[in-house]
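Below: the structure, in structure tokens.
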Amino acid sequence: KGNLFLSWKWTYLCSLHLVFYVINSFSSINIDSYSRCGSSGLEAAMSLFLVMENRDVVTWNSMIGGLVRFGEFKCGCKLFDEMPKRDMISWNTMLDGYTKAGEMEKAFELFERMPERNVVSWSTMVCGYSKVGDMDMARVLFDRCPEKNVVLWTTIIAGYAEKGNAKEATELYGKMEEAGLRLDDGFLFSILAACAESGMLELGSRIHTSMKKWRFRCSSKVLNAFIDMYAKCGCLDAASEVFSGMMVKRDLVSWNSMIQGFALHGHGKKTLELFSRMVDEGFQPDRCTFIGLLCACTHAGLVNEGRKCFYSMEKMYGIVPEIEHYGCMVDLLGRGGHLEEAFTLLHSMPMEPNAIILGTLLNACRMHNDVDLARAVCEQLFKLEPSDAGNYSLLSNIFAQAGDWMNVAKVRLQVKNTGSQKPSGASFLEVEEEVHEFTVFDRLHPKSDDIYRIDILVEDLEHVGSVLMTHQ
């Protein structure tokens with residue numbers, strides 16, 4: 001009987017332990033689920049977390065991850081500091097939180113404190129520095145990383161591409177190839193998108209050549225990225241070649257990318273022809289298609305064709321025009337000299353006009369010297385942007401073109417009274433495959449001291465020149 005009692009007691013204790021284990025496991029799962037469901041879910045997760053007696057490292061990580069994910073970073077930091085035991089996920093979660101918040105100094109401090117690091121830790125730091133534009137620090141960490149995977153390579157290459165540093169991006173891509181690593185679809189898309197935005201044709205073309213050499217079968221997403229990259233870099237023949245070779249893989253994004261490419265470079269007729277082909281092949285256009293079409297008509301001055309496209313949107317395709325479509329139409333009509341029609345369309349919109357559309361019409365008034373309409377547009381524009389010096393400058397120029405110097409003086413006085421200041425224009429210069437940005441009185445360029453020394457050198461040369469002229 002004693003043995004039977006002990007056996008029963010042992011079974012009971014094991015069952016109890018199992019019940020507690022199951023309850024705890026379910027609680028951990030619930031915390032993870034709740035913490036992914038927004039602010040209300042986060043509150044439920046925190047309530048459950050606080051009443052749990054036995055929290056394992058997975059539970060702590062789930063709770064901290066949820067807090068970091070939904071912007072409750074301070075609470076996440078507090079829990080991280082209270083953790084009795086941390087694993088790699090704990091450290092990487094906090095590291096990710098700091099980098100996403102742009103707090104790279106704190107991220108670096110945490111990174112240096114880590115007892116051990118994996119490739120995720122290194123990638124997170126390189127990505128963080130790339131996003132804040134500190135490619136020097138990103139490169140230092142990249143070079144220090146003992147084991148580089150395709151994620152890390154992609155992060156650093158895309159970072160250089162986004163900054164317009166073609167030389168470094170292309171060199172690193174070559175080294176990555178030498179290391180025997182090949183990009184998959186997701187990473188290819190990331191780098192090609194960066195090439196498209198920065199106009200980095202050389203790197204994009206090199207990647208395309210590699211894909212052909214490896215006979216890599218690209219997905220529609222990647223092929224569309226190649227079309228977009230070539231089109232934005234002005235290589236419409238290369239974009240058309242990729243587009244034509246897609247055949248079965250061609251989707252609506254492919255057509256839109258090609259349409260927007262032709263539109264960007266002013267090929268209005270080709271854009272409309274391509275649209276007709278698209279419809280004939282059974283593709284239903286979307287809002288992006290019509291933005292491309294209207295932009296193409298604007299750049300090519302095809303007013304009648306643009307009208308047809310705009311009014312066919314809802315009638316033929318069931319697409320309700322949005323503010324971007326109205327903006328394109330106002331631009332098209334304004335450039336074409338149909339200012340009253342543009343003004344009427346502006347006031348027939350189902351939404352309030354924004355500063356961009358009003359500014360577009362104001363610029364059209366300047367082009368066609370319509371002072372009265374410019375005044376009417378500015379009444380609305382100054383209500384939306386009372387401190388934008390660019391709008392005042394544009395109105396002042398319109399009055400100046402009309403010889404109305406009294407109103408020019410009034411506008412300039414208005415600018416002075418509002419304390420407005422026109423933002424400095426910027427120029428971009430590519431030197432040795434690196435793009436540099438310059439603005440008036442710029443001191444942000446890393447070599448600004450050397451650049452300003454040129455002014456002193458020019459003054460010295462002028463002085464020497466004047467002395468020589470005097471002697472002669």
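Pull up the cross-link candidates among the aspartates and glutamates for LYS100, meaning alpha carbon to alpha carbon under 20 Å and not fewer than 8 places away within one chain.
GLU72, ASP81, GLU109, GLU112, ASP134, ASP136, GLU162
Answer rounded, prolate or oblate for region 205-263, using the Cα gyration tensor with square roots of eigenvalues a ≥ b ≥ c: rounded when a/c is under 1.5, else prolate when a/b is larger than b/c, else oblate.
Values: a/c = 2.13, a/b = 1.28, b/c = 1.66.
It comes out oblate by the Cα gyration axes.
Can you classify region 148-249 as rounded, prolate or oblate using the Cα gyration tensor, where a ≥ b ≥ c are the square roots of its eigenvalues, rounded means a/c under 1.5, and otherwise it's prolate if a/b beats b/c and oblate if not? Write out the running numbers ahead of the final one.
On the way: a/c = 1.90, a/b = 1.30, b/c = 1.46.
Because a/c hits 1.5 or more and a/b fails to exceed b/c, region 148-249 counts as oblate.
Under a plain spin-label model, where a point goes 7 Å from the Cα along Cα-to-Cβ, how far apart in nm are ASP404 and SER47?
With each label point 7 Å from Cα toward Cβ, the separation is 6.4 nm.
Measure off 7 Å from each Cα along the Cα-to-Cβ vector at VAL140 and GLU459, then give the distance between these two points in nanometres to one decimal.
Each label point is offset 7 Å from its Cα along the Cβ direction, giving 3.5 nm.
Sticking with the crude label model, points 7 Å out along Cα→Cβ, report the distance from ASN304 to GLU147 in nm, one decimal please.
Using points 7 Å along Cα→Cβ, the separation is 6.9 nm.
Pull out the extension gain between CYS288 and VAL119, defined as 0.36 nm times the separation in residues minus the alpha carbon to alpha carbon distance; nm, one decimal. Don't skip to the answer; put the middle values down first.
Details: separation 169, 0.36 × 169 = 60.84 nm, distance 3.86 nm.
Between CYS288 and VAL119, full extension yields 57.0 nm more.
At a Förster distance of 41 Å, what's the computed FRET efficiency of HIS368 paired with MET316, Cβ-Cβ distance as r, to 0.05? Before the final figure, lay out each step's value.
Values: r = 32 Å, r/R0 = 0.77.
Given R0 = 41 Å and the Cβ-Cβ separation, E is 0.85.
Since every read-out is calculated from the coordinates, none of them should be taken as a lab result. Just so it is clear, the model here is predicted, and its values are computed rather than measured. Using ideal geometry, Cβ is built from the backbone for each residue, glycine included, and neighbour counts are taken over all protein chains shown.
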